[in-house]
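Before any comments, here is the structure.
Quick note: the coordinates plus some simple rules give every number you see, no bench work behind them. Keep in mind that what you see is a predicted model, and the values were worked out from it rather than measured. In this analysis, Cβ positions are derived from the backbone assuming ideal geometry, glycine residues included, and neighbour counts consider all displayed protein chains.
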Amino acid sequence: YWKNGVRTSLSRAGSDLRSFAYAIYAVGNDVYVTGRTDSVYSGGTSSLPCYWKNGARIMLSKLANQDRGSTSSLHASGSDIYIGGWVWDINKIMAPCYWKNGTRTDLSRTDNGNIGSVSGIHVSGNDVYVAGYCYNTSNLVIPCYWKNGARTDLFRLDSTRGGYATSIFASGNDIYVAGYSHNTSGNAIACYWKNGIRTDLNDIRSTAEYTVGNCLDVSGSDVYVAGFHRAANYTRPCYWKNGNRVFLDADNDQGYVTGLFITK
C-alpha cells in the first residue's frame, strides 16, 4: 500500500508464490490491509485468506483440511476488525463468510451445494452488514446481503438472469446495496437497492453496452454509486449521483472505479 505516495511492502513467508491486497482501512495510527496469500504445499498451490496490520501479516481461519480462501473487504469499528470473504467448504465449494477479530462466521447460501462469496462489509453499531452473491439451484447468480447472518436475496432486473451485489452501506434504518443485474439481452445494468427496492442506473443505447456498479456511499439523502460504462470500443470510469451519471476523465480514457468515499 502507499501512504502519501510512499510504498510499504507487506510481509509474506519465504514459501509464498505471491500475495494480493484488496482493501484498506486506517484507524488512528494503524493501517489494516486485507487480501490473500498463495503458497505451495504438498498437493499443489493453496490460496489462503489473510490481512496485514501495519505491515505484519495475520492469517485467517479456514475450514479444517481445506486449502482455499480469500478476502475482499474490510471495515474497522472501534477496536474490532471485520473482514469479508470466502473459504472452501468440505466439498471444495466457495462458501461466504466474514471474520471478526480473526473469528470466522459462516454465512448461509441459497443452496449449500453451490457457490457463495462476500464482496462488501459494513458495520453500524452492533449490526454487521455483508453484501455478496450466491448461486441458486438453477445455477443463477443471486445478489444478496446478510444482516447479522440473516440473508436477504435481492430482486434482479430479469428473474431468469443473474446479478451481483458488490458494496453495502447502512444509514439509520436504511440499507443500501450496490451492484448490477442482467437484462433480457444478458447485459449488466448498474443498480442499487434501498431496503430491497432496486433502482437501475441505466443509460444504455445499444445491446453492446453494459454498466457495473462497484461501490457505494451515502451522504444525507444523496446516493452515490461508482463503477464503469462499457461500450463497443471503450470502458469509461463513472459514478452516479442520485441516478445521474458523471463520466470521469476524457472521452477516450479507459478505466473503471473500484472505490468511493464521500466526505461527510
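Strictly over 28 Å apart at the Cα level, which of LYS3/LYS92; LYS3/LYS194; LYS100/LYS194 would you flag in this model?
As for pairs spanning more than 28 Å Cα to Cα, those are LYS3/LYS92; LYS3/LYS194.
Which is farthest toward the positive dipole end of the chain among TRP2, LEU63, VAL223, measuring Cα position about the Cα centre, with Cβ charges +1 (Lys, Arg) and -1 (Asp, Glu)?
LEU63
Taking the Cα centre of the stretch 215-264 as origin, work out the dipole magnitude from +1 charges on Lys and Arg Cβ and -1 charges on Asp and Glu Cβ, in debye rounded to 20.
Roughly 120 debye, rounded to the nearest 20.
Mind checking the full-extension length gain between ILE262 and ASP30? Use 0.36 nm per residue of separation minus the Cα-Cα distance, one decimal, nm.
Using 0.36 nm per residue and subtracting the Cα-Cα distance, I get 81.4 nm.
Given the C-alpha atoms of the chain, compute the convex hull and give its volume per residue in Å³.
150 Å³
Let me check I've understood the local charge: for ALA150, count other residues with C-beta under 14 angstrom from its C-beta, Lys and Arg +1, Asp and Glu -1. What total comes out?
Neighbourhood net charge equals 0.
Quote the charge dipole size of the stretch 66-133 about the Cα centre in Debye, to the nearest 20; the model charges only the Cβ of Lys and Arg (+1) and of Asp and Glu (-1).
With Lys and Arg at +1 and Asp and Glu at -1, about 100 debye.
Could you work out how much longer the chain between ASP174 and ALA21 gets when fully extended? Use 0.36 nm per residue separation minus the Cα distance between them, nm to one decimal.
Gain in length upon complete extension: 52.1 nm.
Given the options ASN183, VAL40, ALA23, identify the residue whose Cα lies farthest towards the positive end of the charge dipole of the chain (+1 on Cβ of Lys, Arg; -1 on Cβ of Asp, Glu).
Result: VAL40.
State the Cα centre-to-centre distance between the stretch 208-233 and the stretch 135-165 in whole Å.
Measuring centre to centre over Cα atoms gives 19 Å.
If you place +1 on the Cβ of every Lys and Arg and -1 on the Cβ of every Asp and Glu, how big does the dipole about the Cα centre of the chain come out, in debye to the nearest 20?
With Lys and Arg at +1 and Asp and Glu at -1, about 400 debye.
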